[in-house]
Protein chains: 2
Amino acid sequence: MGSAATRFCDLGESALIARIARRAGSVSSRDWGLRIGDDAALLRPKAGDEIALSTDAQIEGTHFRFGRESARTIGRRALAVNLSDLAAMGARPVGALLSLAAPASAKVADLDAVIDGFVAEGARHGCPLVGGNLARADQWVLDVTVVGRCRRGRALRRRGARPGDGLYVTGTLGGAALARLSADARGGRLTRVPTPRLEAGQALARLPGVRACLDVSDGLATDLAHLLEAEGVGAELEPDRLPAPAGLRRGCRALGLDPLAVQTQEGEDYELLFAYRSARSTDASPMLSRRLGLRVTRIGRVISTPGLQGLPGVAIGHHF
Amino acid sequence: MGSAATRFCDLGESALIARIARRAGSVSSRDWGLRIGDDAALLRPKAGDEIALSTDAQIEGTHFRFGRESARTIGRRALAVNLSDLAAMGARPVGALLSLAAPASAKVADLDAVIDGFVAEGARHGCPLVGGNLARADQWVLDVTVVGRCRRGRALRRRGARPGDGLYVTGTLGGAALARLSADARGGRLTRVPTPRLEAGQALARLPGVRACLDVSDGLATDLAHLLEAEGVGAELEPDRLPAPAGLRRGCRALGLDPLAVQTQEGEDYELLFAYRSARSTDASPMLSRRLGLRVTRIGRVISTPGLQGLPGVAIGHHF
């Protein structure tokens, strides 16, 4: 049912919701007493759980454009960036709600692909689509609320960094931004979807000495500022140590970009940034890399003087 | 800080979020381990709780227009219609997340008033603003996720209606639609905010014999169809019994509207519609009204033959 040309306005709201529910499937889960199709989804928490709730929107024109990336990639990314917030808390995903708005002229085939991408990304991370909403708007809006669980009192927070703590980051920085800027420059398709660092976040939540954590979504400079401001402290960064993916310098040179700016001011890597205090004030990267099963790099340390040292000329502040 | 002319693009995203957090206040609550300002809000469930999660968007142009109603009313309604979904489950509100999108040219004064309305409505119902998101879009989008709790296994659902059950509705039908249509006709302001029937829903969840429940948000005909289709049953309605607010007939006459169509096809009353089986198949309205502390009216009964009888000429189906 529904040719490639079928539009939202050709089907009723109920038919579209039924279509989404069908694609979401009936993942059996003891977590949920009730899912799509009622007035609310019903979560059954386990004893000792805290429930983490986070919401984030992906908006056509602001965050994505059909054509520039596939509808499936758009659906996948909408969930992935939300899961990254759960990763930053050390939470395990339980399910997601999707509040979707689109023009009446939107193609049903795009809806199908967005939902398929969303559901596929959820399946990778144990996060079924459990509810949502559908509304008419001038542009596509994918508003996602993710639900996760963590052991009571063990969630990672932004607060807690203390002078002397080492600052660490998972993975590499700059690769996602370079991919986007390259796609923009050559008019190519953007296919990259960030990997939410869920297992790493859960491992950090179990590790004594991890003091504060967030995901790098607005750029290292901005996000680090959030972490520092939460405690009124500062940081001394070592820019030479910022972990770069292979080919970053070459790629930046080709586009006439400053690699350091790409690494610190663009924020699509969704890596975890955290403060860690070890008994010995040495570089704990090797141990942390082993524990997290992922490259971890020490990029500087927390100091008592507010502000960011070691990143000259980098303006902090994400504009609306 | 911020004159009436200040726009979103004049302030940074962080400043806007700080502004929202300040207006949301710091309602002390043992339910929440963490609120606005981190990557996620942290809910501490109580033993024996199920957590109800529901999401609904109010979109500029589709659901509201600045000027036609005040920014404060827009904020209040965005939360109220979401709380109605919790009411329909018999859940008690615990908190809400607001994912807000707006144009860069949006007025900060409107943001303030929207948030104040949202927070005021939440204060009436014990539902603090605990988290959210801010993004840029071509139009305002207020995407709300409400979180509620109910006793495990006691939530009201859409399923469960059986032939012989009486069909009941709280309050009156048609008043909200008439107010909107009147405001449209005379170019007046729309000031009405629906009252989520939270206490009534919680009372229904405790009452044996209540079989299925939802809130009337798309119109009685459409919502009743949802309730019936969930069980493959039908209903015999008694249109003469539909509870009307004072002045509905007169108001409809003045606008040249059919009162029955206004009562059954327009859906902004957010009353509860439910199926109830009593030992004796009499009209249980007097008892239910006493229990719910609210007018309750028997409007028909569930029958085994699918379809809706007694509402000739009323087409079912909400269009996108």
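Nothing in this text is a laboratory measurement; each read-out follows from the coordinates by a stated rule. For clarity, every value in this text was computed on a predicted model and none was experimentally measured. In this analysis, Cβ positions are derived from the backbone assuming ideal geometry, glycine residues included, and neighbour counts consider all displayed protein chains.
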Selection from A:Pro194, A:Gly247, A:Pro208, by position along the positive dipole direction of the range A:176-257 (Cβ) | A:Gly247
Given 20 °C and 1.002 mPa s, how large is the Stokes-Einstein diffusion coefficient of the protein assembly as shown in µm²/s, with Rh as the Kirkwood radius over Cα pairs?
-> 83
If one takes the longest principal axis of the Cα atoms in chain A, at what angle in degrees, from 0 to 90 and to the nearest 10, does the Cα axis of helix A:13-24 lie?
-> 50
Calculate the all-directions average of the projected area of the range A:209-320's alpha-carbon convex hull, and give it in nm².
-> 7.8
Over the whole of A:126-138, what's the average partner chain Cβ count within 10 Å per residue? Rounded to a whole number, please.
-> 5
Work out the length of the dipole vector of the range A:1-145 about its Cα centre, built from +1 on the beta-carbon of each Lys and Arg and -1 on the beta-carbon of each Asp and Glu, and round it to the nearest 20 debye.
-> 400
Lys/Arg Cβ at +1, Asp/Glu Cβ at -1, dipole of chain A taken about the Cα centre: which of A:Ser99, A:Leu178, A:Phe66 is farthest positive-ward?
-> A:Leu178
For the Cα atoms of chain A, what angle does the longest principal axis make with the long axis of helix A:220-229, in degrees from 0 to 90, nearest 10?
-> 70
Could you rank the peptides A:93-103, A:230-240, A:189-199 by their average count of other C-beta atoms within 10 Å per residue, with the highest value first?
-> A:93-103, A:189-199, A:230-240
Run through the DSSP bridge list for chain A and note the antiparallel percent, rounded to the nearest 5.
-> 75
Give the nm distances, rounded to one decimal, from A:Pro103 to the matching residue in every other copy, measuring between label points 7 Å along Cα toward the beta carbon; shortest first.
-> 1.6
Long-range amide H partners of B:Leu173 with built H, under 5 Å = B:Ala244
Can you pull the mean other chain C-beta count within 10 Å for peptide B:6-18?
-> 3
Of all DSSP beta bridges in the range A:1-152, antiparallel share, percent nearest 5 | 70
Could you size up the charge dipole of the range B:104-244 around its Cα centre, putting +1 on the beta carbon of Lys and Arg and -1 on that of Asp and Glu, and report it in debye to the nearest 20?
-> 580
Of B:His63, B:His226, B:His125, which is the most mobile in a GNM of chain B whose springs link Cα atoms less than 10 angstrom apart?
-> B:His63
Would you grab the residues whose amide H sits under 5 Å from the one on B:Glu238? Only those 5+ places off in sequence or on another chain, please, with H modelled 1.01 Å from N.
-> B:Gly300
All-pairs Cα distance distribution in chain B, expressed in whole percent, bin size 10 Å = 6, 25, 31, 24, 12, 3, 0
Expressed as an acute angle from 0 to 90° and rounded to the nearest 10, what is the orientation of the C-alpha long axis of helix B:71-89 relative to the principal long axis of chain B?
-> 40
Looking only at lysines whose Cα falls under 17 Å of B:Lys46's and that sit 8 or more positions away or on another chain, we get A:Lys46
Taking chain B as a Gaussian network, Cα atoms linked when under 10 Å apart, which of B:Cys213, B:Cys252, B:Cys127 shows the biggest mean-square fluctuation?
-> B:Cys252
Let me know the charge dipole size of chain A about its Cα centre in debye, to the nearest 20, where only the beta-carbon of Lys, Arg (+1) and Asp, Glu (-1) is charged.
-> 1100
Taking each pair of different alpha-carbon atoms in the range A:1-148 once, compute 1/r for the pair, average those values, and report the inverse of that mean as the Kirkwood hydrodynamic radius in Å to one decimal.
-> 15.5
Gaussian network model of chain B, Cα within-10 Å springs - most flexible of B:Gln202, B:Gln309, B:Gln263 = B:Gln309
Between copies, how far does the label point of B:Gly247 sit from its twins, in nm, shortest first, when each point is 7 Å from Cα along Cα→Cβ?
-> 6.9
